[in-house]
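The structure appears below as structure tokens.
The values are calculated or read from the model by the stated rules, or taken from the named source; none is laboratory data. Predicted model only: the values in this text are computed from it and were never measured. When we count neighbours, we look across all protein chains shown, and the Cβ atoms used for this are built from the backbone with ideal geometry, even at glycine. Surface areas here come from the heavy atoms of the whole protein model, side chains and all, with no ligands, DNA or RNA. Shrake-Rupley method; radii C 1.70, N 1.55, O 1.52, S 1.80 Å.
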Amino acid sequence: MTVRVLIADDQLLVRSGFKVLVGSDPELEVVGEAANGAEALALARESHPDVVLMDIRMPGMDGLEATRRIVGDDDLAGVRVLVLTTFEVDEYVFEALRAGASGFLVKDTDPEDLLKAIKTVATGDALLSPGATRALVARFLSQPEPKVAAPDRLEALTDREREVLSLVAAGMSNDEIAEHLFVSPLTAKTHVSRAMVKLGARDRAQLVVIAYESGMVRPGRG
């Protein structure tokens, strides 16, 4: 099936470049272009894309607010947002994940990796590399916004699922979790999937957000 893509960026040259690249893949189709968040939201409601490539910094409604509105719209439940940023460790990246984005990419990502990323997010998986997760934790989560810890939210998890959740929040991939726990990658993936279902997480990116906001994991631990 063809993956329908909406491109949102305030720079025409950037949008044009992404349009040509995405259009070069027979499995992808560009269904719209937006110059700001308001246009992205309107076009998302009109065209129902599978994936929105969303720039964060745009005039008027920015990418963060547009992401919140898209993710919060029941009629757009199947739409995934892939955030584009100039720097891998961007001050707004965690806010984008909290808003519901399924992952992020730097704008100078290799073309082949960008195309793979779009397809990855379209399948419902999160695009959150272990290295990027660790960098986010180290730089931005060391001073999180004041939150009321909600450990009760994690009561549905088994001890093993809690352990796996903490490892996901530390930036470990399924293979790394499997090696750490001396289990198979399939078993690790199963634990991650069960934790997602129990916590109502859209994807792996949301698990990271939940782990920190619940107070289960804190920056610097481990």
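Against the list (1) open to solvent by 40 Å² or more (accessible area, probe 1.4 Å); (2) hydroxyl-bearing (Ser, Thr, Tyr); (3) in contact (Cβ under 8 Å) with a residue 40 or more places away in the chain, the condition SER16 fails is (3).
If you check GLY23, GLY60, GLY17 for being over 21 Å from the mean Cα position of the chain (by Cα) and within 17 Å of ALA122 (Cα to Cα), only one passes: GLY23. Restricting attention to segment 161-180, does a residue exist that is modelled with pLDDT of 60 or more, closer than 17 Å to ARG98 by Cβ, open to solvent by 40 Å² or more (accessible area, probe 1.4 Å) and part of a helix (DSSP H, G or I)? Within segment 161-180, none of the residues are modelled with pLDDT of 60 or more, closer than 17 Å to ARG98 by Cβ, open to solvent by 40 Å² or more (accessible area, probe 1.4 Å) and part of a helix (DSSP H, G or I). Of all residues in segment 56-71, those that are open to solvent by 50 Å² or more (accessible area, probe 1.4 Å) and not in a loop (DSSP other than H, G, I, E, B) total 3.
Scanning segment 134-155 for residues that are open to solvent by less than 60 Å² (accessible area, probe 1.4 Å) and at pLDDT 80 or above yields a total of 1.
Kindly indicate which of GLY103, GLY63 is small (Gly, Ala, Ser), at positive phi and modelled with pLDDT of 65 or more.
Working: GLY63 fails: at positive phi.
None of the others qualify; the one that does is GLY103.
What number of residues within segment 181-207 are of a type outside the set (Gly, Ala, Ser), within 18 Å of THR120 (Cβ to Cβ) and open to solvent by less than 20 Å² (accessible area, probe 1.4 Å)?
Initial filter on segment 181-207 (of a type outside the set (Gly, Ala, Ser)): 181-183, 185-187, 189-192, 194, 196-199, 202-204, 206-207.
Checking the rest, the ones that are also within 18 Å of THR120 (Cβ to Cβ) come to 185, 189, 192, 196, 202-204, 206-207.
This time we only want the ones that are open to solvent by less than 20 Å² (accessible area, probe 1.4 Å), so: 192, 203, 207.
The qualifying residues number 3.
If you go through segment 1-48 and pick out every residue that is assigned to a loop (DSSP other than H, G, I, E, B) and over 21 Å from ASP110 (Cβ atoms), you end up with 6.
When ASP113 is tested against (1) at pLDDT 90 or above; (2) surrounded by fewer than 18 Cβ atoms within 10 Å (Cβ to Cβ); (3) closer than 26 Å to MET172 by Cβ, only condition (1) is not met.
The sole residue among LEU105, LEU76, LEU82 that is touching a residue at least 40 places away in the same chain (Cβ under 8 Å) and within 27 Å of VAL20 (Cα to Cα) is LEU82.
LEU41: free of Cβ contacts under 8 Å to residues at least 40 places away in the same chain and crowded, with 16+ Cβ neighbours inside 10 Å, yes or no? Full working, then the answer.
Numbers: free of Cβ contacts under 8 Å to residues at least 40 places away in the same chain: yes; crowded, with 16+ Cβ neighbours inside 10 Å: yes.
Yes, satisfied.
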